[in-house]
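The values are calculated or read from the model by the stated rules, or taken from the named source; none is laboratory data. Owing to the predicted nature of the structure, the values given are computational and were not obtained by experimental measurement. When we count neighbours, we look across all protein chains shown, and the Cβ atoms used for this are built from the backbone with ideal geometry, even at glycine. Accessible surface areas use protein heavy atoms only, side chains included; no ligands, DNA or RNA. Shrake-Rupley method; radii C 1.70, N 1.55, O 1.52, S 1.80 Å.
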Amino acid sequence: MSDDDNHPSGKPAAGAKRFLKMAGMTASLATRYAGHALANGFRTAEQREQARDQLNAKAGEQLAQTLGELKGAVMKLGQIASQAADFLPSEIAEPLKKLQKEAPPMPFAVIRQQIERELKKPLAELFRELDPKPYAAASIGQVHRGVLHDGREVVVKVQYPGVAASCDTDLKQLKFALRSARLVKVGKEVLDELFEEIRTRLHEELDYVQEAQNMALFRDYYADDPLIVVPATVPEFCAKQVMTMVLEPGDHLDTVNTEYDQDLRNELAIRLFHFMCRSLFGLQAVHADPNPGNFAYRRDGSLVIYDFGCIKRLEPDSIAAYRDTVKAALAENWAGVDIGLIRLGARVPGSAPVEGAFYAEWRRIVMRPFISDAPFDFASSTMHKAAAAKGPEVLKRMDQFQPAVKTAYLDRMVGGHYWTLVRLKAQVALAPLLRGYLTA
């Protein structure tokens with residue numbers, strides 16, 4: 001186990017430096033958009049729209065660059081925001097998607113200090129071996145493989161120092177930046193509620209003791225299913241910012257795509273779908289971080305799930321409203337869909353009625369895998385393209401619709417795993433499976 005002293009510190013920017021970077025970004029964005037507003041007086045409608053798109057694209061790049069430099073919880077928020085196309089223009093959301101892949105590792109010297117500080121022992125007393133090269137790196141921490149003195153192979157998740165302390169300030173500053181540049185299309189109350197939901201989830205994700213409890217919850221619930229694998233923690237090697245788990249290896253999605261046959265990929269896709277539905281309708285809690293790196297696959301058809309920091313527990317009323325809305329959409333009951341969206345908070349109270357044709361078009365786009373009992377070919381799916389093409393129309397209807405804060409993380413899970421099924425090239429009949437959960 002050797003330190004990597006040749007790396008720059010790699011730590012998240014702290015204190016005044018973070019504030020100045022965020023404040024500078026906010027001022028720059030506000031100035032750009034103010035200048036844009038003044039120049040609009042001399043532009044045609046077409047020129048205004050073109051200029052706005054160009055300005056949004058530059059703003060998105062600036063946001064992504066600043067959040068990536070700061071790392072930490074605010075970078076995590078950038079990853080979440082990249083999936084929130086319902087309240088951010090696509091020109092803003094697209095550059096933020098890069099943050100999901102850009103997570104440069106931190107030097108091992110910093111990791112060593114963090115482990116020894118949290119577990120209160122020298123590294124050599126804690127582990128027989130600990131690989132200084134990260135097994136995985138993310139926005140708020142990284143993972144290293146190791147071996148305990150009793151011979152157990154483990155992975156050690158280590159949070160970057162200073163991330164938790166900067167969380168609230170970062171979120172307030174980023175919300176102010178989005179509002180001051182008028183980048184969001186929702187009212188102040190909804191945006192405040194959405195950011196509070198994100199803040200709550202991030203604080204839970206930053207508490208590894210809470211994550212260990214989440215893992216125990218899912219391990220117990222899926223104890224009857226040997227093909228759903230949740231790693232066990234090693235409690236004596238866990239603390240608030242360090243968590244040690246028994247190694248549960250599996251193949252990455254890229255390996256599955258190149259080495260697993262179609263039948264096995266289909267079997268795994270169905271297992272993932274059942275995991276999503278059982279968690280939602282049975283456990284009433286969902287694993288809300290669908291990053292492909294948080295899931296692994298085995299040739300015996302089992303699914304391994306990692307990273308239980310972002311778990312969203314849902315109220316029974318929200319689950320019932322979600323179930324009723326899906327059932328109404330499948331039955332082409334547009335009044336029922338509207339009532340369901342109102343219950344979920346996705347419709348602006350007192351706003352104009354929504355015509356059935358609008359809901360019918362969205363049903364045609366996003367419910368394709370569930371309309372027919374025939375297998376749906378996710379490899380050739382164009383749902384995402386059709387939905388993206390409808391995005392501008394939704395933004396124009398923000399006087400009628402708003403982000404459904406109650407189910408924001410549920411929507412994140414569903415959207416993320418759609419891409420997993422696409423990458424699995426799954427050919428599966430999901431409609432009969434879904435009906436089983438809707439009628440339960």
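Listing for the model above:
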quantity	calculated
Subset of the stretch 283-335 that is crowded, with 17+ Cβ neighbours inside 10 Å and basic (Lys, Arg) - its residue that is farthest from Ala212 (Cα to Cα)	Lys327
All positions within the stretch 256-278 that are in contact (Cβ under 8 Å) with a residue 12 or more places away in the chain and either in a loop (DSSP other than H, G, I, E, B) or among the polar types (S, T, N, Q) (or both)	Asn257, Tyr260, Gln262, Asn266
The stretch 225-238, residues that are crowded, with 17+ Cβ neighbours inside 10 Å and either under 24 Å from the mean Cα position of the chain (by Cα) or within 15 Å of Arg298 (Cβ to Cβ) (or both)	Ile228, Val229, Val230, Pro231, Thr233
Those residues of the stretch 199-221 which are open to solvent by 10 Å² or more (accessible area, probe 1.4 Å), in contact (Cβ under 8 Å) with a residue 24 or more places away in the chain, out of contact with any Gly (no Cβ under 9 Å at 6 or more places or on another chain) and of a type outside the set (Gly, Ala, Ser), in sequence order	Arg199, His203, Val209, Leu217
Among (1) open to solvent by 40 Å² or more (accessible area, probe 1.4 Å); (2) assigned to a helix (DSSP H, G or I); (3) at pLDDT 95 or above - the single one His384 does not satisfy	(3)
Inter-residue pairs, beta-carbon under 7 Å, first under 15 Å from Glu204 (Cβ atoms) and in the stretch 287-300, second of a type in the set (Val, Ile, Thr), 6+ apart	His287/Ile305; His287/Ile311; Ala288/Ile311
Qualifying positions in the stretch 203-231 - in a helix (DSSP H, G or I) and hydroxyl-bearing (Ser, Thr, Tyr)	Tyr208, Tyr221
Unique match (being at pLDDT 95 or above and among the aromatic types (Phe, Trp, Tyr)) among Trp419, Trp334	Trp334
Subset of the stretch 114-148 that is in a loop (DSSP other than H, G, I, E, B) and crowded, with 20+ Cβ neighbours inside 10 Å - its residue that is farthest from the chain's Cα centre (by Cα)	Phe127
Among (1) open to solvent by 20 Å² or more (accessible area, probe 1.4 Å); (2) in contact (Cβ under 8 Å) with a residue 24 or more places away in the chain; (3) assigned to a helix (DSSP H, G or I) - the single one Asp338 does not satisfy	(2)
Test set (1) open to solvent by 20 Å² or more (accessible area, probe 1.4 Å); (2) part of a helix (DSSP H, G or I); (3) at pLDDT 65 or above - Lys97 fails condition number	(3)
Residues located in the stretch 393-418, provided they are touching a Phe, Trp or Tyr at 6+ places or on another chain (Cβ under 9 Å), assigned to a helix (DSSP H, G or I) and open to solvent by less than 20 Å² (accessible area, probe 1.4 Å)	Thr407, Leu410, His417
The stretch 381-406 residues that are touching a residue at least 40 places away in the same chain (Cβ under 8 Å) and farther than 23 Å from Trp419 by Cα, paired with ones that are among the polar types (S, T, N, Q) and assigned to a loop (DSSP other than H, G, I, E, B) (beta carbon under 8 Å, 6 or more apart)	Asp399/Ser351; Gln400/Ser351
